[in-house]
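The values are calculated or read from the model by the stated rules, or taken from the named source; none is laboratory data. Keep in mind that this is a model prediction, so the values were computed, not measured. FYI the Cβ positions are ideal-geometry reconstructions off the backbone, even for glycines, and counts take in every protein chain you see.
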Amino acid sequence: MPDASPPRRVLRLIARLNVGGPAIHTILLTAGLNPTRFQTRLVSGIEAAHEGDMLGLAAEKGVVPVRLPTLGRELHPLRDLKTLWQVWSQMRDFDPDIVHTHTAKAGTIGRVAALLLPRRPKLVHTFHGHVFHGYFGPVKTRIFLAIERWLAKRTDQIIAVSQEVADDLVRYGVVPPGGVTVVPLGLELARFASTMPTGDWRRRCQVAPDAPWIGIVARLVPIKAVERFLAALVPVFAAHPEARATIAGDGECRAALEAEASRLGIADRVWFEGFVADVAKLLVELDVVVLCSKNEGLPVSLIESLAAGTAVVSTSVGGVPTLLANGRFGRLVAANDAGPGLAEGILATLADPLAARRMTDEGQVAVLSRYGSQRLTTDISRLYEELFHPTAESPGGSQPAEFAENKALKEAEASADREN
């Protein structure tokens, strides 16, 4: 007989639906979970004017988020108390079986609000990255660590989007070994693999058909360190005077980055595009996509670039080493590289297009099979069910198949590195 039990209610909370992986992730989860098993309410704050938003994707997927104007990224004690009350009220109204929070601010407010409910729901929090280095000074970082450690002890399931983020959570003492489950991002990647270059973007950005074209897709905020990209372009342009570059993204650092491009004498060869609605059409025309962040969880821009069949060069941060199979699918440089290593990686990629094609082809197959949205919803559905019916495989429930595959891959590559 079919299961006649009502769907479990999931309240999903994120600080804001700004352009980026966490917003895409939460929207696709909200839309993709089987409604006969899970009824989801998505609650979010409001984005800053320079951040852009993913409301178009939400509308496309039929997701109507509840918007709380006081919920945002920045700390503000009085406003945050009001937000806590508003989030608690949403929970009282919805009476969730599961509260699943995403990003640090929403993770704190959402879990505290849930702990104040008369009927305590199961608590799940996803770390899409973390703020334990590269963001704040030592005092504020210690405060955030103390908060996360306290909350983690009261959370039923901690999720990380990459094995590297999971390892960091253990290393920083947020969770004990074995206290975190890895569930990588799940994205709609088929359109990236099927989009064909038309030349429209090259013409728009005034790039010759045979000229090397290098791009970056990123929010223009300090943690993305886009000034490193500009520094790397100087020797690349010296070696390839016809080369051009495009920066797809916007943010608080845009004016400073435009000034830096002028100071470096490359402003006439760098196109600041702002946010791009259909980034697939741009990615398929680029020769190389660069990521130069100081800290990452699992960067959407590299997953989408590989899905589009575009070569990548990246700093070795967050989940990037696993994503790129320790350099098999793209070129890795030191995490603290300020530009020279990125330049070398770009130049090496341009110098050997056949090798770059082999790396990218292998990477494309890997990301299309491992980072799809259907895999994400399957993993999360299983994890939710195991909150109420835990298996003997893991204290926090079984590890999704993708986690086991990634862990096995990482261990195999580490073994090979030792043998070499």
Notebook entry, point to check: Given the structure, is ASP156 acidic (Asp, Glu) and assigned by TED's automatic domain parsing to the domain that holds SER316?
Noted result: no
Margin query: Please verify whether THR108 is surrounded by fewer than 23 Cβ atoms within 10 Å (Cβ to Cβ), under 29 Å from VAL300 (Cα atoms), of a type in the set (S, T, N, Q) and touching a helix residue (DSSP H, G or I) at 6+ places or on another chain (Cβ under 9 Å), treating the condition exactly as stated.
Written below: yes
Next item on the list: With the condition kept exactly as written, say whether any residue in segment 96-108 is over 25 Å from ARG219 (Cα atoms) and of a type in the set (Lys, Arg).
Entry: no
Item checked: segment 210-232 - residue that is of a type in the set (A, V, I, L, M) and assigned to a loop (DSSP other than H, G, I, E, B) and, of those, surrounded by the most Cβ atoms within 10 Å (Cβ to Cβ) -> ALA218
Notebook entry, point to check: Which one of these is surrounded by fewer than 18 Cβ atoms within 10 Å (Cβ to Cβ), assigned to a loop (DSSP other than H, G, I, E, B) and basic (Lys, Arg): ARG149, ARG154?
Noted result: ARG154
Check: Is it the case that VAL207 is within 23 Å of ALA308 (Cβ to Cβ), of a type outside the set (Phe, Trp, Tyr), assigned to a helix (DSSP H, G or I) and outside the structural domain of GLY110 (by TED's automatic domain parsing)?
Finding: no
Item checked: One residue from ASP361, ASP337, ASP379 being within 29 Å of ARG8 (Cα to Cα) and at pLDDT 95 or above -> ASP379
Check: From the list THR360, THR322, THR310, THR349, which residue is touching a Lys or Arg at 6+ places or on another chain (Cβ under 8 Å), in the same structural domain as ALA245 (by TED's automatic domain parsing) and closer than 18 Å to ILE214 by Cβ?
Finding: THR349
Margin query: Show the residue pairs meeting these rules: Cβ distance below 7 Å; 6+ apart or different chains; first residue within segment 262-288 and under 18 Å from LEU187 (Cα atoms); second residue aliphatic (A, V, I, L, M) and surrounded by fewer than 17 Cβ atoms within 10 Å (Cβ to Cβ).
Written below: VAL284/MET196
Next item on the list: For LYS153, indicate whether it is basic (Lys, Arg) and without any contact (Cβ under 8 Å) to a residue 12 or more places away in the chain.
Entry: yes
Next item on the list: State whether the residues of segment 293-300 include one that is in a helix (DSSP H, G or I), under 16 Å from LEU187 (Cβ atoms) and in the same structural domain as ALA218 (by TED's automatic domain parsing).
Entry: yes
Item checked: Members of segment 127-141 that are modelled with pLDDT under 90 and not polar (S, T, N, Q) -> GLY129, HIS130, VAL131, PHE132, HIS133, GLY134, TYR135, PHE136, GLY137, PRO138, VAL139, LYS140
Next item on the list: Provide a single number: the residues in segment 262-278 that are over 24 Å from the mean Cα position of the chain (by Cα), surrounded by 17 or more Cβ atoms within 10 Å (Cβ to Cβ) and in a loop (DSSP other than H, G, I, E, B).
Entry: 1
Check: Could you say whether any residue in segment 76-98 is within 19 Å of LYS294 (Cα to Cα) and assigned to a strand (DSSP E or B)?
Finding: no
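I want to confirm something. Restricting to segment 233-261 and keeping residues that are part of a helix (DSSP H, G or I), among the charged types (D, E, K, R) and in contact (Cβ under 8 Å) with a residue 24 or more places away in the chain, which single residue is nearest to ALA348 (Cα to Cα)?
Ranking the qualifying residues of segment 233-261, first place goes to GLU260.
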Check: Which residue, of ALA325, ALA355, is among the hydrophobic types (A, V, I, L, M, F, W, C) and closer than 29 Å to ILE159 by Cβ?
Finding: ALA325
Check: Can you name the number of the only condition in (1) at pLDDT 95 or above; (2) in a loop (DSSP other than H, G, I, E, B); (3) surrounded by 20 or more Cβ atoms within 10 Å (Cβ to Cβ) that ILE159 fails?
Finding: (2)
Check: Can you name the condition, by its number, that LEU347 falls short on among (1) in a helix (DSSP H, G or I); (2) surrounded by fewer than 24 Cβ atoms within 10 Å (Cβ to Cβ); (3) among the hydrophobic types (A, V, I, L, M, F, W, C); (4) free of Cβ contacts under 8 Å to residues at least 40 places away in the same chain?
Finding: (4)
Check: Among (1) charged (D, E, K, R); (2) under 21 Å from TYR384 (Cβ atoms); (3) out of contact with any Lys or Arg (no Cβ under 9 Å at 6 or more places or on another chain); (4) assigned to a helix (DSSP H, G or I), which single condition is ARG111 missing?
Finding: (3)
Margin query: Taking the conditions exactly as written (without any contact (Cβ under 8 Å) to a residue 60 or more places away in the chain, within 24 Å of GLU51 (Cβ to Cβ) and surrounded by fewer than 22 Cβ atoms within 10 Å (Cβ to Cβ)), does ASP352 satisfy them or not?
Written below: no
Note to self: So in segment 1-60, with the set limited to residues that are under 18 Å from the mean Cα position of the chain (by Cα) and assigned to a strand (DSSP E or B), which one is nearest to HIS128 (Cα to Cα)?
What the structure shows: ILE14
